[in-house]
C-alpha cells in the first residue's frame, strides 16, 4: 500500500468525525452509491458507483465504477493487515469464497507473503475452478488445492481470507491452527462468517472502531453476535489498522497467537482510492469526457 494511503488510514477517525468522504490531504470529495442484491448469480451481489467532486467548488469531476475500486481497496487493506499480523514465515493461504472479493484478495495478499500452497473453498465449483486458473498466474509454482470443505481448507493454513455472503460461519475456532491469521470481509445482516469463539480467542484488529462497532447494518454483525453471546466485549477490539501502521498499538506478540482482521469498509478508503484512480486516469489520458 502506498505511503500516502497508509497515512490516511492512520488519521481516518478524525476525518470521519468531520466529514466521512472528505480528505483535505488529497483534495478528494466523493460519494458512493451501493446496491446489495444477495440473490444475484450472474453478476456481483454488491454493485456500486463512485462520484468524485471538486473539493473547492463542488463541481462533479468523474463517475467511476465503484465495484472495482471497492474490491481493490478492500483487498489492499487486507494485504496490509496480513503483512502486519501474519507470521513472517506464513506459507499456506486459504481463500474462502469464490466471488469478486476472493479474486481481489488472491491478487493482493500474495504480495506480502510467499505462499507455497493456496487452497480455494467455495460452494460454486465453476467459480472455484475459474479462481484456480487465476491462482496459476498469480502464485506461479505454488501447490493449488480446491475443496468444498471449509474445515479442510483452513486446517493448517497460516492465512485465511474469508470473503463470503454466508449467513453461517465459514471460519470456526476448531478449524484454526495455532498462529493462524484470519481476514474477514464478508457481510450478511442475517448471520456471520466468523464464529464467536474465534473472536474470543483472537487478537482482533479493525479498520475503525466506530464503524465496526456500530449497530448492524452499518457495523459488523459478526462482532455484534459475538458480543451478544458473551464471547467478547467492545473492549476486546485490540487495535485499529491505522494504530498498527503508526506503531501506537502492537500487533502479533508470539507465534501461537491467532490474529483476526475484521473489515466493514470505511468511506475514507473509498475516497482515497477514487482520487488515486482519477489521478492515474488523467495521467494516462483514459476515460471519456462528458459535458454536463
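A Cβ distance below 7 Å, combined with a sequence gap of six or more or placement on separate chains, defines the contacts here; from segment 156-170, residues that are without any contact (Cβ under 8 Å) to a residue 40 or more places away in the chain and in the same structural domain as residue 257 (by TED's automatic domain parsing) reach residues that are surrounded by 24 or more Cβ atoms within 10 Å (Cβ to Cβ) and not in a loop (DSSP other than H, G, I, E, B) in the pairs 169/194. Just checking, does segment 17-34 include any residue being buried (at least 18 other Cβ atoms within 10 Å of the Cβ), within 18 Å of the chain's Cα centre (by Cα) and either within 30 Å of residue 167 (Cα to Cα) or at pLDDT 90 or above (or both)? Scanning segment 17-34, I find at least one residue that is buried (at least 18 other Cβ atoms within 10 Å of the Cβ), within 18 Å of the chain's Cα centre (by Cα) and either within 30 Å of residue 167 (Cα to Cα) or at pLDDT 90 or above (or both), so the answer is yes. Only a single item in (1) in contact (Cβ under 8 Å) with a residue 12 or more places away in the chain; (2) more than 24 Å from residue 158 (Cβ to Cβ); (3) within 18 Å of the chain's Cα centre (by Cα) is not met by residue 214, and it is number (1).
Filtered by the rule that a residue be in contact with a strand residue (DSSP E or B) (Cβ under 6 Å, 6 or more places away or on another chain) and under 22 Å from residue 176 (Cα atoms), segment 258-270 gives 259, 260, 261, 262. Restricting attention to segment 49-66, the residues being surrounded by fewer than 19 Cβ atoms within 10 Å (Cβ to Cβ) and within 19 Å of the chain's Cα centre (by Cα) number 2.
Report yes if residue 219 is in a helix (DSSP H, G or I), within 30 Å of residue 51 (Cβ to Cβ) and in the same structural domain as residue 94 (by TED's automatic domain parsing), otherwise no.
Details: in a helix (DSSP H, G or I): no; within 30 Å of residue 51 (Cβ to Cβ): yes; in the same structural domain as residue 94 (by TED's automatic domain parsing): yes.
No, not satisfied.
Could you run through segment 86-103 and say how many residues are surrounded by fewer than 24 Cβ atoms within 10 Å (Cβ to Cβ) and either touching a helix residue (DSSP H, G or I) at 6+ places or on another chain (Cβ under 6 Å) or over 18 Å from residue 152 (Cβ atoms) (or both)?
Kept after step one, since they are surrounded by fewer than 24 Cβ atoms within 10 Å (Cβ to Cβ), are these residues of segment 86-103: 87-92, 99-100, 103.
With either touching a helix residue (DSSP H, G or I) at 6+ places or on another chain (Cβ under 6 Å) or over 18 Å from residue 152 (Cβ atoms) (or both) added as a condition, the list becomes 87-90, 99-100, 103.
Qualifying residue count for the region: 7.
The residue that is farthest from residue 103 (Cα to Cα), among those in segment 179-205 that are part of a helix (DSSP H, G or I) and in contact (Cβ under 8 Å) with a residue 40 or more places away in the chain, is 201.
Scan segment 150-172 for residues that are closer than 18 Å to residue 193 by Cα, surrounded by fewer than 18 Cβ atoms within 10 Å (Cβ to Cβ) and modelled with pLDDT of 95 or more and jot them down. Within segment 150-172, 151, 152, 155, 168, 172 qualify.
Check segment 279-290 and report whether any residue there is surrounded by 19 or more Cβ atoms within 10 Å (Cβ to Cβ) and touching a helix residue (DSSP H, G or I) at 6+ places or on another chain (Cβ under 9 Å).
The first filter runs over segment 279-290 and keeps only residues surrounded by 19 or more Cβ atoms within 10 Å (Cβ to Cβ), leaving none.
Among the residues of segment 279-290, not one is surrounded by 19 or more Cβ atoms within 10 Å (Cβ to Cβ) and touching a helix residue (DSSP H, G or I) at 6+ places or on another chain (Cβ under 9 Å), which makes the answer no.
The values are calculated or read from the model by the stated rules, or taken from the named source; none is laboratory data. Computed from a prediction, not measured in an experiment: that's the story for all the values here. Please note: Cβ atoms are built from the backbone with ideal geometry, for glycine as well, and neighbour counts cover all protein chains shown.
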